[in-house]
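Enquirer: My questions will all concern the structure given below.
The values are calculated or read from the model by the stated rules, or taken from the named source; none is laboratory data. For clarity, every value in this text was computed on a predicted model and none was experimentally measured. We place every Cβ from the backbone using ideal geometry, glycine too, and count neighbours over all the protein chains shown. Accessible surface areas use protein heavy atoms only, side chains included; no ligands, DNA or RNA. Shrake-Rupley method; radii C 1.70, N 1.55, O 1.52, S 1.80 Å.
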Amino acid sequence: MAGNLIARSVHDLTAAAWFGGSLMGAIGLNGATAEAKDPSERTRLSSAGWMKWAPFQTAAFASHLVADLAIAWENKERIAKQDGVARDTVIKTAVTVVGAAVTLYSGILGKKVEKLAAEGAEGATEPRPEASDELKAAQQQLKMLQWAIPAFAGLVVVLGAKHGEMQRPKNVFAGLRG
């Protein structure tokens, strides 16, 4: 079995962690914390949960990038010679980088929401009517981003699958440039 089994496995598992962790947080963690009786606990507990996840998320990103580099190095000739592979590699890299930036910005907004937790909230990303404009804006942006993150992560998984399909012998042969 030639190739980078370990790098590919790390690549796929870290993308899956990004996708699953972000989706579980947006649905499960935020949904559960919205049930807290004390409105100030809703954002505080959600922020605490996201902060516990952050080191694992960071490690997953770092591992994903290392695995990406290993896979690209192993496939450098195919990237250069097979039609469409370089383009798709650039697209996948761009989606990963933008998704990582969105994830980072979401963490920054989460810290802002945590700082303003004493104001209380309807939910982790749902402000109370009497909330400050700063908290309302942060929560509204956070709500949008927390749904965008699994979309980016899912797209990375799909693009990874597309790269795998491009390695089938019939696709490699059909895409070789002269």
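Enquirer: So Ala137 passes all but one of these: (1) in contact with a Leu (Cβ under 7 Å, 6 or more places away or on another chain); (2) open to solvent by 30 Å² or more (accessible area, probe 1.4 Å); (3) modelled with pLDDT of 95 or more. Which condition number does it fail?
Expert: (1)
Enquirer: Taking only the stretch 95-109 into account, find how many residues are open to solvent by 70 Å² or more (accessible area, probe 1.4 Å) and more than 26 Å from His163 (Cβ to Cβ).
Expert: Summing the residues that are open to solvent by 70 Å² or more (accessible area, probe 1.4 Å) and more than 26 Å from His163 (Cβ to Cβ) in the stretch 95-109 gives 2.
Enquirer: Being touching a residue at least 24 places away in the same chain (Cβ under 8 Å), open to solvent by 30 Å² or more (accessible area, probe 1.4 Å) and either assigned to a helix (DSSP H, G or I) or acidic (Asp, Glu) (or both) is true for just one of Lys92, Lys112. Which residue is that?
Expert: Lys112
Enquirer: For Ala86, all conditions in the list (1) assigned to a helix (DSSP H, G or I); (2) surrounded by 14 or more Cβ atoms within 10 Å (Cβ to Cβ); (3) in contact with a helix residue (DSSP H, G or I) (Cβ under 7 Å, 6 or more places away or on another chain) hold save one; what is the number of the exception?
Expert: (2)
Enquirer: For Ala62, only one of the following conditions fails: (1) within 22 Å of the chain's Cα centre (by Cα); (2) within 30 Å of Ala32 (Cα to Cα); (3) buried (at least 18 other Cβ atoms within 10 Å of the Cβ); (4) not β-branched (Val, Ile, Thr). What is its number?
Expert: Of the numbered conditions (1) within 22 Å of the chain's Cα centre (by Cα); (2) within 30 Å of Ala32 (Cα to Cα); (3) buried (at least 18 other Cβ atoms within 10 Å of the Cβ); (4) not β-branched (Val, Ile, Thr), the odd one out for Ala62 is (3).
Enquirer: Among the listed residues Ala148, Ala124, Ala118, which satisfies the condition of being loosely packed, with under 14 Cβ neighbours inside 10 Å and in contact (Cβ under 8 Å) with a residue 12 or more places away in the chain?
Expert: Values: Ala148 fails: loosely packed, with under 14 Cβ neighbours inside 10 Å; Ala124 fails: loosely packed, with under 14 Cβ neighbours inside 10 Å.
Exactly one residue qualifies, and that residue is Ala118.
Enquirer: Taking Ile149 as meeting all but one of (1) assigned to a loop (DSSP other than H, G, I, E, B); (2) under 25 Å from the mean Cα position of the chain (by Cα), write down the number of the exception.
Expert: Of (1) assigned to a loop (DSSP other than H, G, I, E, B); (2) under 25 Å from the mean Cα position of the chain (by Cα), only one is false for Ile149: (1).
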